[in-house]
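Let me begin by presenting the structure, written as structure tokens, before commenting on it.
Throughout, read-outs are computed from the coordinates displayed, never taken from laboratory work. The model shown is predicted, which means the values in this text are computed figures rather than measured ones. Every residue, glycine among them, receives a Cβ derived from its backbone with ideal geometry; neighbour counts consider all protein chains shown.
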């Protein structure tokens, strides 16, 4: 298994993944909210420089929502050349995958198969993949937020697994800044990561009987401060989140359970692998770590019962946490000598990855072609003096297209959210969509 432990193998896997994601990003153009975030929420004028973003975000907090950090990044990406976002977004995906790998692998062991399995699981099981990993607005809000949260959580994981290892005070102080950023980035990601950090510190103190010191708690307080800052922006009070009686809450909990049922195959694998690891008496600390990730996944999911609605893109963090929990157990079973069984699981996942990958990439390219064709038609109509334009709606077939489960254009109201900004940017009076 020298090939599996070779650093060169992991580097090549990373390069291949980066190329795949970069290709998918290049074939994903500006869509829906991306058109609107090219304009200042303060003045309505097109964004020209980074200096425009501060006033825009202050206005955004008054009328849209409290995700200041996430949407400031969206507007930053609107200013830079599109290829820069494509490269950066692909790099963030690979970096996120590497963080998941570092958490999942066993101490002192390298496992290229585990890295490949993580990629396959993320590709196959992430709901609305294109929305959270390819769409500019969705990526900046969800996958970048997940990366920030996982990075912030990492020292708490190390402290639990290596209780004798003391972090430098300066690093923990600096971690408070990241804590505030991660806590104020995206709602269910922030709540789950704070919950997991608290749980890991309590396990370190009670189960491991190790002193934690005040600085890790201070970073958690900073994350809670970031969450409070996000949730207390004036626009948040306009959304009516969590309103209603106990019956309404019960209904939203049932909805959250129904949404989580999309991950039933991962839950089944987790349960089977956990029972097997208990029977084989694998490392108890890693079994506890897997359960922490399962609980974090459930927390990230069911906290959405207190939200006004539960878009599928909010499933990203629950999915990633559950994948990591499964990967921790996978690595233990693989290391424990049951390589054949885990290779069979990997082969099944590889088959699903190949099938979904081929059809997914085809759908991404098809969406790009259709959207670009419509944009060319709009520009040609403008040049011919036609200022009110009708274009066909784009047909979407898989969750890998960034338009999956999104409204490309309104078919009735040309003044609606996506239509208005798209028309303004392309220089026509109005755009309306129609189904062929």
- Query: Sorted from fewest to most neighbouring beta carbons within 10 Å, what does the list 16, 128 look like?
  - Reply: 16, 128
- Message: Over the chain, what is the relative contact order in percent, taking alpha-carbon pairs closer than 8 angstrom and at least six residues apart?
- Response: 20 percent
- Between residue 265 and residue 405, what length in nm is gained on full extension when 0.36 nm per residue of separation is reduced by their alpha carbon distance? 48.2 nm
- Task: Compute the FRET efficiency between residue 373 and residue 258 as 1/(1 + (r/R0)^6), taking r as their Cβ-Cβ distance and R0 = 60 Å, and round to the nearest 0.05.
- Result: 0.95
- Per residue, the convex hull volume that the Cα atoms of region 1-120 enclose (Å³): 132 Å³
- Message: Suppose the chain between residue 83 and residue 95 were pulled fully straight at 0.36 nm per residue; how much longer would it get relative to their current alpha carbon spacing?
- Response: 2.5 nm
- If you project the alpha carbons of the chain onto the principal axes, what extent comes out on each, in Å, largest first? 74, 45, 45
- Task: Quick one: P(r) of region 64-118 from all Cα-Cα pairs, 10 Å bins, percents rounded to integers, in order of increasing distance.
- Result: 20, 33, 25, 19, 3
- Message: Testing the spin-label approximation: label points 7 Å from Cα along Cα→Cβ at residue 76 and residue 217. State their distance in nm.
- Response: 3.3 nm
- Note on the structure: Label model pair residue 58, residue 395: point-to-point distance (7 angstrom along the Cα→beta-carbon line) in nm is 5.0 nm
- Relative contact order of region 62-141: what whole-number percent is it, with Cα pairs under 8 angstrom and at least 6 residues apart? 42 percent
- Item | residue 5-residue 198 pseudo-label distance in nm [points 7 Å out on the Cα-to-Cβ vector] | 4.2 nm
- Rounded to whole Å and sorted largest first, what semi-axes of the equivalent ellipsoid does the C-alpha gyration tensor of region 272-418 yield via the square root of 5 times each eigenvalue? 46, 21, 9
- Message: Can you compute the radius of gyration and Dmax for region 132-226, using only the Cα atoms, both in Å?
- Response: 13.7, 45
- Would you list the P(r) distribution for region 215-323, with all Cα-Cα distances sorted into 5 Å bins from 0 and each bin expressed as a whole %? 2, 10, 15, 17, 18, 15, 12, 7, 3, 1, 0
- Query: Which FRET efficiency, nearest 0.05, do residue 295 and residue 209 yield, Cβ-Cβ r, R0 30 Å?
  - Reply: 0.90
- Note on the structure: Once normalised by the length of region 362-434, the mean sequence separation of its alpha carbon contacts under 8 Å that are 6 or more apart gives a contact order in percent of 36 percent
- Can you give the extra length, in nm with one decimal, that the chain gains between residue 388 and residue 158 once fully stretched, where that is 0.36 nm per residue apart less the Cα-Cα distance? 76.9 nm
- Theoretical ellipticity at 222 nm over the chain - DSSP helices of four or more residues, -39500 (n - 2.57) apiece, nearest 500: -21500 deg cm²/dmol
- Fraction in percent of alpha-carbon pairs per bin - 10 Å, region 362-434: 21, 51, 25, 3
- Task: Report, as a whole number in µm² per second, the diffusion coefficient that Stokes-Einstein gives for region 278-358 at 25 °C and 0.890 mPa s using the Kirkwood radius over alpha carbon pairs.
- Result: 169 µm²/s
- Rounded to whole angstrom, the alpha-carbon centroid of region 54-108 lies from that of region 286-347 at a distance of 22 Å
- Exposure proxy order (Cβ contacts within 10 Å, fewest to most) of 69, 133: 69, 133
- Query: Peptides 181-194, 279-292: what's the order by average Cβ count within 10 Å, highest mean first?
  - Reply: 181-194, 279-292
- Query: Semi-axes of region 45-84's equivalent ellipsoid from the Cα gyration tensor, sqrt of 5 times each eigenvalue, largest first, rounded to whole Å?
  - Reply: 18, 11, 7
